[in-house]
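Structure first, commentary second.
The values are calculated or read from the model by the stated rules, or taken from the named source; none is laboratory data. This structure is a prediction, so every number in the text was calculated from the model and none was measured. Don't worry about glycine lacking a Cβ; one is built from the backbone with ideal geometry, like all the others, and counts go over all protein chains shown. Side chains included, ligands, DNA and RNA excluded: accessible areas come from the protein's heavy atoms. Shrake-Rupley method; radii C 1.70, N 1.55, O 1.52, S 1.80 Å.
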Amino acid sequence: MNKTYLPNNEKPFNPFERLFYWKKMNSAESYTVAIFVSMNIQTSKNTTKAALTAVIVSKQGSSETKGLSKEEMAYLQAQIKAEKDVVTFQNLGSIRKYFIIAASDDQDPAILELWRSKGKELQALACSIKSDSLHIINETGVAAAALAFAEGTALGNYQFLKYLKAKKDNKNSLEKIFVQDPSLKDEKLIELKGIVDGTLLARDLINEPVSYLTAVQFSKEMQKAGKTAGFTVKVLNKKEIEAQKMGGLLGVNRGSIDPPTFTIMEYKPKGAKNKRPIVLVGKGVVFDTGGLSLKPTPGSMDEMKCDMSGGAAVVGAMHAIAANQLPVHVIGLVPATDNRPGMNALCPQDIITMHDGTTVEVLNTDAEGRLILGDALSYAKKYDPLLVIDLATLTGAAVRAIGTYASAIMGTADQDIMQDLSKSGMNTWERTVQFPMWKEYGDEMKSDIADLKNLGGSNAGHISAGKFLEHFTAYPWIHIDIAGPAYINSPQSYRTKGGTGVGVRMLYNFIKNNYADTSAK
Ligand code: BES
Ligand code: ZN
Ligand code: ZN
């Protein structure tokens, strides 16, 4: 184990900090122990200690289950026969909950997701009995099961409490997750920690309102993440953005009183397997009012603090990749601004000149994401990238097409790479649906008086938006429209209400599986 994080109660309050504490138990049994500690709120010493233990058993291997009386064992066997998937044993002062799940098909994404959701159920149960700890004992011999349970539990335990006066009263009791599984390597839990931290960092950033998370503050948070996880961060300020002639980002920023930022994150490990970098680009609109093409309220503007979820996914993925030291050279680009109807705001019919010299007739100032992303995609050319992936809460059309359960993807990368990404989407249950990029969709983006316009027809708006972005690319590229799953009004299992951090786990899985273990494609 090369990393030890120790909780330090002396540290000042920092909502983005999640300390993590590892301990290898000195017991005869091979215990692997992970303790998740959220240190942003002081832990209460006087919570009721009620231990909750979940034993994951396979249908066949259940006879080995320890710590049960003969009668209990017989009861358990009977329940397994009766096809029950959860059996609960309750003793005075403690609850033991037995999960019975066939472990044979562990690579099936749907089974992994079932285990994650069971992990979330455990988290809720632990909190309902005010337990500060949860023990997961995996007797199936399938390490992926223990990992998926722990993942669902840790992600499901997330809360955004920064603005509550009574933080302690509202805080989940669960603080520690113990995983006991001889087949599970420590490294796997350390890796999970990096992935969970990256996801929760993204959620925190999305859940911050623009009153705190301006573009400048967003760039500062990315700098903090770089320090924590180990990647470099350079922030271009307004002057430097002007020098880069990023007319899209500057145009969207014109109605704002806060300056824009353009953040460049880079993780370049010594033994990187890829010679040319993978570039991740994230939309960083810290609030989208629509600009002068104002969004109607109530309704369409109410959740628009989430409009930087693409940027949050990029910083979350950078965190997970760097914290786990994947041998892959990755660059993250996040153009950031709010989109407001201030005195100097872009007007419909204005014509702006983008970073690459393309002129754009702005027919709707609410189609701002493509303007700031066009600049970033054009900027990405200078890296001669192997692949560029952008993530953006880009269109309501994507939400209408597939709802909150999947992201819309499209692009110019080889079909096998697109499929590898979709596979990672399935592995992590951050599912994707691919849409075509036929030429006709792009024809809608032609303007009579400029090179492009920013508004297509009324149908399939997510595809015409994608075609607009394609104009600024000159490399294999994938666009992920996360407008649906980025932010949810009610929880979906371990995806807590609000920012979900979608994209982080998928990107990590994709980059690890396709670029870290093999020589660069
Ligand atoms: N940020 C929105 C898209 C969005 C919608 C994100 C719902 C999350 C949930 C984007 O900037 C936008 O306003 N798009 C317009 C484009 C249109 C004017 C061409 C849209 O989709 O309505
Ligand atoms: Zn908009
Ligand atoms: Zn937007």
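Here is how the numbers come out for the structure above:
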read-out: Three-way shape call for segment 361-517 based on the alpha-carbon gyration tensor, with the a/c threshold at 1.5; value: oblate
read-out: Highest to lowest packing among 315-322, 470-477, 196-203, scored as the average C-beta count within 10 Å; value: 315-322, 196-203, 470-477
read-out: Per residue accessible area in Å² of segment 103-202, where ligands, DNA and RNA are left out and the probe is 1.4 Å; value: 36 Å²
read-out: Helix 70-81 vs. the chain, principal-axis angle (Cα, 0 to 90°, nearest 10); value: 40 degrees
read-out: Nearest-ten-degree value, helix 186-207 long axis tilted from longest Cα axis of the chain; value: 50 degrees
read-out: Relative packing of 168-179, 128-139, which averages over residues the other C-beta atoms within 10 Å, highest first; value: 128-139, 168-179
read-out: Accessible solvent surface per residue of segment 404-521, calculated while the other protein chains remain in place, 1.4 angstrom probe, Å²; value: 39 Å²
read-out: Cα-based reach from Lys467 at 24 Å (exclusive), listing lysines while leaving out same-chain residues under 8 positions away; value: Lys245, Lys283, Lys295, Lys381, Lys382, Lys423, Lys439, Lys446, Lys453
read-out: Burial order of peptide ranges 82-90, 256-264, 398-406, 329-337 (average beta-carbon count within 10 Å, highest first); value: 329-337, 256-264, 398-406, 82-90
read-out: Qualifying lysines (Cα of each under 20 Å from Cα of Lys270; at least 8 residues distant if same chain); value: Lys3, Lys227, Lys234, Lys512, Lys521
read-out: Global form of segment 168-284, assessed from the alpha-carbon gyration tensor, a/c cut-off 1.5; value: oblate
read-out: Whether the chain is rounded, prolate or oblate, judged on the alpha carbon gyration tensor where a/c under 1.5 counts as rounded; value: prolate
read-out: Pairs of Lys in segment 86-185 closer than 19 Å at Cα, counting only those 8 or more apart or on different chains; value: 17
read-out: Carbon + sulfur, % of accessible area of the chain - ligands and nucleic acids excluded, 1.4 Å; value: 52 percent
read-out: Cα-centred dipole magnitude for the chain, charges only on beta-carbon of K, R (+1) and D, E (-1), debye, nearest 20; value: 1560 debye
read-out: Sequence-distant residues sharing a close amide H with Lys453 (under 5 Å, placed H); value: Glu361, Lys446, Ser447
read-out: Largest-first ordering by accessible area, 1.4 Å probe, given options Met354, Met304; value: Met304, Met354
